[in-house]
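> My questions all concern the structure below.
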Amino acid sequence: MTQVLTLPRSPKIAVSEVLAVVDHAVSELRRGGFVVLSENGQDCLFLQAAEAVTPQSLCLLARISEKPVALALTMRRAMVLGLVKSALDSSPNPKDVVRLQVPSGLEAERVLPLAAAGQTGAAECISQPDKLSVTFVSGDSAIGAAVRLVKLARLLPAAIIAENLKRENQSAVHTLIAESVPICITVKVEDIHTYDQCASRTLQQVSEAQVPLAGAENVRLIAFRPGDGGLEHLAIIVGMPDRTTPVLVRLHSECFTGDLLDSLRCDCGSQLRGAIAAMTAAGAGVLLYLAQEGRGIGLVNKLRAYQLQDSGFDTLEANGQLGFDDDERTYLPAAEMLRQLGFWHIRLMTNNPRKVEGLIDHGIDVIERVPHIFPSNAHNLSYIHTKATKGEHLF
């Protein structure tokens, strides 16, 4: 008879399981599926990413909810739509979210114009006789978690939600869900809100190799993977950095268009190659290549932002039109990678004071900010000007 070996549970395993559930939910949303959120042991909210909504999915949500189906948006998107003058005027916390409801019920063709910039029809949706009901909701709530989850999926930061699943016949509701939705993941609200911290805490070094580069032959690449098996971050170690002295460090968010295609719309490619060259000249350094494309909004949303920039918006305004903050990145992964590598005291190559503050907040001693400036071109001059004037970058 085969013996089944039962391993003792550990906090690390439990955290990884939590991350895996969130990651599974993210995958479902990206496929256009549904996710149930639970709080205090009770199912409280049923959601679908706004960009995946159909008349059929809206019908399903309406049948299982005690309230009219609503659209959850970021405060930033609500401001763009003119539904609120400023986040601070309407809520003490600009991270709060907005619930939009229509007494007669949302229609599928009205959802995307409200959720996405560049879509026609948003003004008509807002000005129609059955005006939208606008409610401000805490970002720490279940609705805030729904918006956060679609952000983690790197989709537009808007979700269709059904609240207060009908209680008079819970078994009938769950039967309806089971018949209509083959796969439906249930996620705890608190697990979504703590995802970033948990993912960073579970980063592990999973592979390492020597990778000689043009102009920097003594280079090691170390891959770090979070506990849910999600996107890896990379540490590019140039030379043999001395852990007893402040090491030269660069945090570089991945940029497919700039790093790989050498796009002229940004300065990312120049900064990447320039950082490695500077570290080689200095004798050693550490470049952290972080899976945070487009300041954390993902490649698809970055391309959407590029379309908006071509219409006249600057890089930060374009993010806001989509409902994102100016910068959606977190520096927890970078701090954890530096700790695991043994680098607590660093000289940070950056023009962005927020990177300095972010690392200091997470326990890394930034001894010096080292400017990292390269010549602009006709295509990225406005981009760099916006970073300097609005993003507080130092050039």
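The values are calculated or read from the model by the stated rules, or taken from the named source; none is laboratory data. Keep in mind the model is a prediction, meaning the values are calculated, not measured. Heads up, the Cβs are rebuilt from the backbone with ideal geometry, glycines too, and the neighbour counts pull from every protein chain shown.
> Check every one of the helices (runs of 4 or more DSSP H) wholly within region 61-123 and list those with 2 or more residues that are in contact with a Ser or Thr (Cβ under 9 Å, 6 or more places away or on another chain) and either modelled with pLDDT under 90 or surrounded by 14 or more Cβ atoms within 10 Å (Cβ to Cβ) (or both). Before the answer, list the steps.
Details: elements: 75-80, 87-90, 108-115.
Of the helices (runs of 4 or more DSSP H) lying wholly inside region 61-123, those with at least 2 residues that are in contact with a Ser or Thr (Cβ under 9 Å, 6 or more places away or on another chain) and either modelled with pLDDT under 90 or surrounded by 14 or more Cβ atoms within 10 Å (Cβ to Cβ) (or both) span 75-80, 108-115.
> Also, quick follow-up: Condition check: assigned to a loop (DSSP other than H, G, I, E, B), under 26 Å from the mean Cα position of the chain (by Cα), farther than 18 Å from Gly269 by Cα and without any contact (Cβ under 8 Å) to a residue 60 or more places away in the chain. Does Gly358 satisfy that? Walk me through how you get there before you give the answer.
Values: assigned to a loop (DSSP other than H, G, I, E, B): no; under 26 Å from the mean Cα position of the chain (by Cα): yes; farther than 18 Å from Gly269 by Cα: yes; without any contact (Cβ under 8 Å) to a residue 60 or more places away in the chain: yes.
Here the answer is no, as Gly358 does not meet what is asked.
> Same structure again: Please go through (1) out of contact with any strand residue (DSSP E or B) (no Cβ under 6 Å at 6 or more places or on another chain); (2) in contact (Cβ under 8 Å) with a residue 60 or more places away in the chain; (3) aliphatic (A, V, I, L, M) for Ile64 and return the number of the only condition it doesn't satisfy.
Every listed condition holds for Ile64 apart from (1).
> Could you list, in sequence order, the residues of region 148-195 that are assigned to a loop (DSSP other than H, G, I, E, B) and modelled with pLDDT under 90? Steps first, answer last, please.
Residues of region 148-195 assigned to a loop (DSSP other than H, G, I, E, B): 153-157, 164, 166-169, 181-183, 194.
Of everything in region 148-195, those that are assigned to a loop (DSSP other than H, G, I, E, B) and modelled with pLDDT under 90 turn out to be Asn164, Lys166, Arg167, Glu168, Asn169, Val181, Pro182, Ile183.
Condition check ((1) surrounded by fewer than 20 Cβ atoms within 10 Å (Cβ to Cβ); (2) touching a residue at least 60 places away in the same chain (Cβ under 8 Å); (3) more than 18 Å from the chain's Cα centre (by Cα); (4) in a strand (DSSP E or B)) across all residues:
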{"residue": "Pro241", "(1), (2), (3), (4)": "no, yes, yes, no"}
{"residue": "Thr245", "(1), (2), (3), (4)": "yes, yes, yes, no"}
{"residue": "Arg250", "(1), (2), (3), (4)": "no, yes, yes, yes"}
{"residue": "Asp262", "(1), (2), (3), (4)": "yes, no, yes, no"}
{"residue": "Ala277", "(1), (2), (3), (4)": "yes, yes, yes, no"}
{"residue": "Asn301", "(1), (2), (3), (4)": "no, yes, no, no"}
{"residue": "Gly312", "(1), (2), (3), (4)": "yes, no, yes, no"}
{"residue": "Gly320", "(1), (2), (3), (4)": "no, yes, no, no"}
{"residue": "Glu328", "(1), (2), (3), (4)": "yes, yes, no, no"}
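> Going through region 245-293 one residue at a time, which ones are among the basic types (Lys, Arg) and more than 18 Å from Glu217 (Cα to Cα)?
So the first thing to find is which residues in region 245-293 are among the basic types (Lys, Arg), and the list is 250, 265, 273.
Correct list: Arg250, Arg265.
> Follow-up. Give region 17-38 a look and list any residue that's surrounded by 19 or more Cβ atoms within 10 Å (Cβ to Cβ) and at pLDDT below 90, or say none.
Val18, Leu19 - these are the residues of region 17-38 that are surrounded by 19 or more Cβ atoms within 10 Å (Cβ to Cβ) and at pLDDT below 90.
> Same structure again: Could you look through region 378-395, keep only residues that are surrounded by 14 or more Cβ atoms within 10 Å (Cβ to Cβ) and under 23 Å from the mean Cα position of the chain (by Cα), and pick out the one that is farthest from Leu316 (Cα to Cα)?
His393
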